[in-house]
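Q: Attaching a single structure in structure tokens format; questions to follow.
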Amino acid sequence: MKLANSLFKLGTENAFVVLAKAKALEAQGKEIINLGIGQPDFRTPKHIVDAAKKALDDGFHGYTPANGLLELRQGVSRHIKKMYGANVDAARVVIMPGGKPTMFFAMLMFGQPGTEIIYPEPGFPIYESMINYSGAKAVPMYLNEKNNFSFKAEEVLKLINDKTRLIIINNPQNPTGGLIEREQIDKLVVGLKKFTDVAILSDEIYSRQIYDNKKMPSFFNYPELFDRLIVLDGWSKTYAMTGWRLGWSVWPEKIIEDITRLCVNDHSCPCASTQIAGLAALDGPHEFLDEMMSQFNRRRKLIVDGLNSIKGITCNNPGGAFYVFPNISGTGMNGNEFADKCLNEAGVAIIPGVSFGKSAKDFVRFSFANSYENIEKALEKIKKTVVK
């Protein structure tokens, strides 16, 4: 059996590798506190679950349009208008089975041998993996700890050349929790006027998880880019629906037929009842979001203060998402060594920084999507066991 060479260009998402190791240790009777996986530890709100149940009970079991139910796409348009004041026609909205298909399809549409795609590093590992799979050259946009893991627009613009086809922006960011402020995005947008053939993929999946009363600097604020802008968002992080596999994306009007054709070839359509749940999430009560963010904000302070109190560790205060990305080089260990010690000796699962890019060897990612009590306990275990 001979496999295609392109298959070996694919990377993976190490969070799931660490999760498997943690589960194996738990099966041996060891207590593991998981601060590795990136998913909210809250239950999906009841009105969303009830909507899915009713859809199933009502016999809503069949195929839907490949780009998603019209009423759900209209719901996404209303949501965009409410959040950002932007007018986006429902015809430009494509419902996906999660967020990754939007990444996958964008790379396939713009990446090929001889082209370049700019992506953030450290960054979500699937970006680089899919760029490599497409045959394009992956060009890192380095995010600096000293700049709170944001970027300088002029540095990004210097990476663009006649081979550049796509720039990926993730804001707020995984794994760093960094928030790129509106000022830098404004400057980037102005600079992009000179590069009219370069498309933008804005991954805004953490758009509702921003702290300190700041507003989301969405690319929906720039209608002059709509003819080359792809926006990725969805339900998984905002509504605690990671396992429902439901995402939405907005595409330039001129390539809607192309992206819909990819959907037909790949997955036919998203799950019918899950789409009904998604509409209930958008149109239903949102008070639980305030409570969830209140809990995340409380945990954020706990973990940032706790890590900074440990000798050899420095930790920035994240502006969004539910991650911290501390520098652990002062412990005398690299990220892999530190993460292994945390898991095997302290019983705390975290992700080494190199999972998100080679430049992050001195970092690790903690997810604070776990209870306040478990985070307290994890910090105490690390203090006692890992750093002496």
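Q: If you take all C-alpha pairs in the chain, what percent of them are over 39 Å apart?
A: Details: 11906 of 75078 pairs.
Cα-Cα pairs of the chain separated by over 39 Å account for 16 percent.
Q: Measuring from the lowest to the highest alpha carbon on each principal axis, how far does the stretch 1-74 reach, largest first, in angstroms?
A: 43, 41, 24
Q: Bins of 10 Å, beginning at zero and ending with the bin holding the largest distance: percent of Cα pairs per bin for the stretch 28-173, please.
A: 9, 24, 31, 25, 10, 1
Q: Computed from the mean reciprocal separation of all distinct C-alpha pairs, what Kirkwood hydrodynamic radius does the stretch 162-238 have, in Å?
A: Numbers: mean 1/r = 0.0760 Å⁻¹.
Roughly 13.2 Å, rounded to one decimal.
Q: I've got another one for you. Could you count how many Lys pairs in the stretch 1-151 have their Cα atoms under 19 Å apart, skipping same-chain pairs fewer than 8 positions apart? Before the final figure, lay out the partial values.
A: On the way: Lys9/Lys100; Lys9/Lys137; Lys21/Lys30; Lys46/Lys54.
Count of close lysine pairs: 4.
Q: With unit charges on the beta carbon (Lys/Arg positive, Asp/Glu negative), name the residue among Phe325, Ser218, Thr64 whose Cα is farthest towards the positive pole of the charge dipole of the chain.
A: Phe325
Q: Calculate the translational D of the stretch 146-196 in whole µm² s⁻¹ from Stokes-Einstein, where the hydrodynamic radius comes from the Kirkwood formula applied to all Cα pairs, the temperature is 20 °C and the viscosity 1.002 mPa s.
A: Values: Rh = 11.8 Å.
In µm²/s, the coefficient is 182.
Q: If you put +1 on each Lys and Arg Cβ and -1 on each Asp and Glu Cβ, how big is the dipole of the chain around its Cα centre, in Debye rounded to 20?
A: Numbers: 47 positive and 42 negative charges, 131 e Å.
Approximately 640 debye in magnitude.
Q: Computing the accessible area with a 1.4 Å probe over protein heavy atoms, can you report the carbon and sulfur percentage for the stretch 325-388? Each step should come with its number before you reach the end.
A: On the way: 1060 of 2540 Å².
Exposed carbon and sulfur together represent 42 percent of the surface.
Q: To continue, here is another question. Roll a 1.4 Å probe over the protein chains and send me the accessible area per residue for the stretch 203-344 in Å². All intermediate terms of the calculation are to be shown ahead of the outcome.
A: Working: 5500 Å² over 142 residues.
Accessible surface, normalised per residue, equals 39 Å².
Q: Another question about this same structure. If Thr385, Thr196, Thr115 are ordered by their accessible area, calculated over protein heavy atoms with a 1.4 Å probe, which sequence runs from highest to lowest? All intermediate terms of the calculation are to be shown ahead of the outcome.
A: Details: Thr385 35, Thr196 95, Thr115 10 Å².
Reading off the accessible areas and sorting them downward yields Thr196, Thr385, Thr115.
Q: Calculate what fraction, in whole %, of the accessible area of the stretch 1-149 sits on carbon and sulfur atoms when a 1.4 Å probe is rolled over the protein chains. Mind dumping the intermediate values first?
A: Numbers: 4240 of 7730 Å².
C and S atoms contribute 55 percent here.
Q: Can you give the convex hull volume per residue for the Cα atoms of the stretch 297-388, as a whole number of Å³? Walk me through the intermediate numbers first.
A: Values: hull volume 7.6 nm³, N = 92.
With only Cα atoms used, the stretch 297-388 gives 83 Å³ per residue.
Q: Normalising by the residue count of the chain, find the relative contact order in percent from Cα pairs under 8 Å and 6+ residues apart. Walk me through the numbers before you get to the answer.
A: Working: 733 pairs, mean separation 90.7, N = 388.
Value for the chain: 23 percent.
Q: At 0.36 nm per residue, and after removing the present C-alpha to C-alpha distance, how many nm does the segment from Ala24 to Lys9 gain when stretched out fully? List each step's numbers first, then the result.
A: Numbers: separation 15, 0.36 × 15 = 5.40 nm, distance 2.79 nm.
Length difference between fully extended and current span is 2.6 nm.
Q: Determine the order of Phe338, Phe110, Phe363 by accessible area, beginning with the largest, at a probe radius of 1.4 Å. Display every interim value, and only then the final one.
A: On the way: Phe338 0, Phe110 50, Phe363 25 Å².
Per-residue accessible area, sorted high to low, gives Phe110, Phe363, Phe338.
Q: What list of ³J(HN,Hα) values in whole Hz, one per residue of the stretch 210-222 in order, does the Karplus curve 6.51 cos²θ - 1.76 cosθ + 1.60 (θ = phi - 60°) give from phi, with Gly and Pro shown as x?
A: 10, 10, 6, 6, 8, 9, 5, x, 6, 6, 5, 6, 10
The values are calculated or read from the model by the stated rules, or taken from the named source; none is laboratory data. This one's a predicted model, so the numbers in the text were calculated from it and none came from an experiment. Using ideal geometry, Cβ is built from the backbone for each residue, glycine included, and neighbour counts are taken over all protein chains shown. Heavy atoms of the whole protein, side chains included, go into the accessibility calculation; ligands, DNA and RNA do not. Shrake-Rupley method; radii C 1.70, N 1.55, O 1.52, S 1.80 Å.
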